[in-house]
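The next block holds one structure in the form of structure tokens; read it before the comments.
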Amino acid sequence: MSAQAAPPAGFRIGHWSDREGLTGCTVVIAPAGTRGGVDVRGGGPGTRETDVIGPLAGTDRVSAVMFAGGSAYGLAAADGAMRWLEEQGIGYPTPAGIVPIVPAAIVYDLAEGDAAARPDAASGYAACDGAVEGVPERGRVGAGTGTAASKLLGRENAVASGVGYAAASGAAGVKVAALAVANPFGDVIGADGAPVALARGGDGEALRTADSIAAMQEPPDPMKAAPGNTTLACVMTDAGLSKAECARVARAAAAGIARAVEPVFTEVDGDVVFCLASGDAAPTGKFAVLQLQTLAARVVAEAVRDAVASA
């Protein structure tokens, strides 16, 4: 596992960051012919065009994936990505011209900085314009600019988070990488099971969210327990997965969020995982998919942890 290994060839990642408003957006531009799948969990997701890459839909291509802050307002960043992709001739071919397929998901960061500062179409366009191959910038950038973890006692007592990244290779040389935007209600947990960082109460004592909830006889002050939370992840691989296999890998990769966040997939989280596969869509076999599912869960967990470490 490495945060220094580049994503598979052809994948480009770009950020647009508002340092004053504490929000931003992050785009993953896929190589031509990339298939995609998605797994949506938690009680409050904010998404766009996830149905069109669902296993029952006819479209089997993804042009890019957009992550944005700004809550539901931030979905507008995908409009800018569509315009940029159309100008580059990237999209799904139709009789009347190309249509870029840009699934998107958002995090709630309105309470972190200026609530009126939200990524828009121009922001999404700028993120695409700056997208490059190679290891992406991590930490408090792009969609992770205004994110935080451990929010049981509100954002003022939370832990700074951001964008994280990790990559690995399978025995056959297949590459798998994950980009994550961590904004969970719960704590981020290390590979050893210990919290990476914890919120602190009024007396300065570190509080483990799951332990605190289990010991409570009544809910915390609802005005302090932040209602808007989400962890987003995008898995990138050069394997030749079909659309259905992408969906199955995305589902397995969600286990990576569960390993790195506690509690996870709650009613106040809107967790979403995408899987993008750029290789030739030749039959891969059950074992090859199983190997990718295993690696995807690992890199997602490490990317979530990296989001806090890099912040």
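Within the range 275-294, does at least one residue satisfy the condition of being at pLDDT 95 or above and within 12 Å of the chain's Cα centre (by Cα)? Yes, that holds for at least one residue. Quickly run through the range 128-147 and pick out the residues that are surrounded by 24 or more Cβ atoms within 10 Å (Cβ to Cβ), under 16 Å from the mean Cα position of the chain (by Cα) and of a type in the set (A, V, I, L, M, F, W, C). Residue satisfying the conditions is Ala143 alone.
The single condition from (1) surrounded by 19 or more Cβ atoms within 10 Å (Cβ to Cβ); (2) in a helix (DSSP H, G or I) that Ser212 fails is (1). Of all residues in the range 261-288, those satisfying the criterion of being touching a strand residue (DSSP E or B) at 6+ places or on another chain (Cβ under 7 Å) and more than 23 Å from Val27 (Cβ to Cβ) are Val261, Glu262, Val268, Ala281. When Ala76, Ala57, Ala116 are checked against the criterion of being out of contact with any His (no Cβ under 6 Å at 6 or more places or on another chain) and surrounded by 22 or more Cβ atoms within 10 Å (Cβ to Cβ), Ala76 stands alone in meeting it. When Glu137, Glu112 are screened for being part of a loop (DSSP other than H, G, I, E, B), in contact with a helix residue (DSSP H, G or I) (Cβ under 7 Å, 6 or more places away or on another chain) and acidic (Asp, Glu), only Glu112 passes. For the range 253-274, the candidate set comprises residues that are buried (at least 21 other Cβ atoms within 10 Å of the Cβ) and assigned to a loop (DSSP other than H, G, I, E, B); within that set, the residue that is modelled with the highest pLDDT is Asp271. Residues that are crowded, with 18+ Cβ neighbours inside 10 Å, among the small types (Gly, Ala, Ser) and either within 30 Å of Ala9 (Cβ to Cβ) or at pLDDT 90 or above (or both) do not occur anywhere in the range 192-204.
Between Ala143, Ala81, the distinction of being of a type outside the set (Ser, Thr, Tyr), out of contact with any Pro (no Cβ under 6 Å at 6 or more places or on another chain), in a helix (DSSP H, G or I) and farther than 17 Å from Pro184 by Cβ belongs to Ala81 only. For Ser150, the test of being crowded, with 24+ Cβ neighbours inside 10 Å, more than 26 Å from Ala210 (Cα to Cα) and over 14 Å from the mean Cα position of the chain (by Cα) is failed.
The values are calculated or read from the model by the stated rules, or taken from the named source; none is laboratory data. Predicted model only: the values in this text are computed from it and were never measured. Neighbour counts are summed over all protein chains in view; Cβ atoms, including those assigned to glycine, are modelled from backbone coordinates with ideal geometry.
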